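Participant: Submitted below is the structure of interest, expressed as structure tokens.
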Amino acid sequence: MHLQLHQNINLFLLLILGSYVANISLGWVEIVAILAFTVVVEHILLYFNPKREFYFSYSALSTAIGVIVLMYSSHLWIYFVVISLGLLQKHYLTLDGKQFFNPSNFAIIMALLFFYEDAHVVTGQFGDEFWLAIIVFVLAAIILIRVNRWAISIAFIVSYFLLQYMLVVSYDPVMIFEDIYHRFYSVTFTLFIYFMLTDPPVTPSKWKLQILFAFFVSLMAVLLDRFYGFRVQHLFMSVFFFSMFVTLLSAKRDTKTLKTAGVILFFVILIITFIEMQPPYYFEMDG
């Protein structure tokens, strides 16, 4: 089975389960509209992109589902806009044919950048049912073994716990360690770890580099929590920052790469800074 098709089946299964047993904010009419819009936009971009062959893009559906389960907005058109931006950067913001950012993560960052008051990161759409978390783990483990990205999830979980304890809990008399591991009760939080954090095009292929990647992602997220207070967006901002280096470090060491790195790094830091300056507000659903 094609890897992206396998991923789609897993995510569709979880989306169906979530719509019946948890708190998926969108109805099926809206979900189908978003998926259909995504498929149309993706294949229009494929048709007009001379650097890519035309094929059916299963990955576009994964992008849409990622945005559906990790973001909430009462305006359907915002989903259309940010998903389009995520797909556009995948096709045209590239270096030597390689993308810099995970499309779902990029779409969510663009939502926070342009629609901070109307689009929010959510962490509770799938609730915290243990049996559902087990299903997510099993489905994710099969994919992660296939793409050889299991080390990223393990390294992230271990380093996130340790760094949160060392840099946040130890210095904040109000914070307790239960607050940290309670985040892992959220099925949506684990979806981020298993699927978005491990996207093969923007993560290293060698296991030692995977561990370093996971460590730095968790370090930046924890440091932002330490100095600015916990915000669920910090995880997405950290992935947004470090994923670009996977493509940059694998490219040729020439003037073009250096210029590209400088420009992208400047705008990434600018975007993260702007979002972090906004009032500490995010949307979370419990149950």
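The values are calculated or read from the model by the stated rules, or taken from the named source; none is laboratory data. Fair warning: this is a prediction, and the values are worked out from it, not measured in the lab. All Cβ positions, even for glycine, are placed from backbone atoms using ideal geometry, and neighbour counts span all protein chains on display. Each accessible area value is taken on the protein alone, full model and side chains, heavy atoms only, with ligands, DNA and RNA left out. Shrake-Rupley method; radii C 1.70, N 1.55, O 1.52, S 1.80 Å.
Participant: Give the residues of the stretch 130-141 that are touching a residue at least 12 places away in the same chain (Cβ under 8 Å) and either in contact with a Gly (Cβ under 9 Å, 6 or more places away or on another chain) or over 9 Å from residue 194 (Cβ atoms) (or both), sorted by residue number.
Facilitator: Those that are touching a residue at least 12 places away in the same chain (Cβ under 8 Å) and either in contact with a Gly (Cβ under 9 Å, 6 or more places away or on another chain) or over 9 Å from residue 194 (Cβ atoms) (or both): 132, 133, 135.
Participant: Test of understanding: among 200, 173, which residue is open to solvent by 40 Å² or more (accessible area, probe 1.4 Å) and touching a Lys or Arg at 6+ places or on another chain (Cβ under 7 Å)?
Facilitator: 200
Participant: Out of the residues in the stretch 67-114 that are surrounded by fewer than 17 Cβ atoms within 10 Å (Cβ to Cβ) and of a type in the set (Phe, Trp, Tyr), state the one that is nearest to residue 40 (Cα to Cα).
Facilitator: 80
Participant: Residue check, residue 47 against (1) of a type in the set (Ser, Thr, Tyr); (2) modelled with pLDDT under 95; (3) in contact with a helix residue (DSSP H, G or I) (Cβ under 6 Å, 6 or more places away or on another chain), all met but one. Which one?
Facilitator: For residue 47, the failing item is (3).
Participant: Where in the stretch 169-287 are the helices (runs of 4 or more DSSP H), entirely inside, with at least 2 residues that are in contact with a helix residue (DSSP H, G or I) (Cβ under 9 Å, 6 or more places away or on another chain) and in contact (Cβ under 8 Å) with a residue 24 or more places away in the chain? Break it down into steps so the answer makes sense when it comes.
Facilitator: Details: elements: 177-181, 187-191, 207-228, 233-250, 255-276.
Counting at least 2 such residues, we get 187-191, 207-228, 233-250, 255-276.
Conditions (1) farther than 19 Å from residue 274 by Cα; (2) not aliphatic (A, V, I, L, M), marked per residue:
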position	(1), (2)
76	yes, no
84	yes, yes
87	yes, no
95	yes, no
99	yes, yes
104	yes, yes
108	no, no
113	no, no
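Participant: Scan the stretch 21-44 and report the pairs whose first residue is closer than 20 Å to residue 89 by Cβ and whose second residue is open to solvent by 50 Å² or more (accessible area, probe 1.4 Å) and not in a helix (DSSP H, G or I), with Cβ atoms within less than 8 Å and a gap of 6+ or a chain change.
Facilitator: 43/54; 43/56
Participant: Being of a type in the set (Phe, Trp, Tyr) and open to solvent by 80 Å² or more (accessible area, probe 1.4 Å) is the filter; apply it to the stretch 148-170 and report the residue that is nearest to the chain's Cα centre (by Cα).
Facilitator: By that ranking, first place goes to 150.
Participant: I'd like the full set of residues that are small (Gly, Ala, Ser), buried (at least 19 other Cβ atoms within 10 Å of the Cβ) and touching a Gly at 6+ places or on another chain (Cβ under 9 Å), limited to the stretch 9-61.
Facilitator: 18, 22
Participant: Still on this structure: Can you tell me which condition residue 211 does not meet? The list is (1) more than 15 Å from residue 100 (Cα to Cα); (2) open to solvent by less than 20 Å² (accessible area, probe 1.4 Å), and all the others hold.
Facilitator: Just one mismatch for residue 211, condition (2).
Participant: Also: Among the residues of the stretch 115-132, write down those that are in contact with a strand residue (DSSP E or B) (Cβ under 9 Å, 6 or more places away or on another chain) and open to solvent by less than 40 Å² (accessible area, probe 1.4 Å).
Facilitator: Answer for the stretch 115-132, where residues must be in contact with a strand residue (DSSP E or B) (Cβ under 9 Å, 6 or more places away or on another chain) and open to solvent by less than 40 Å² (accessible area, probe 1.4 Å): 115, 119, 120, 121, 122, 125.
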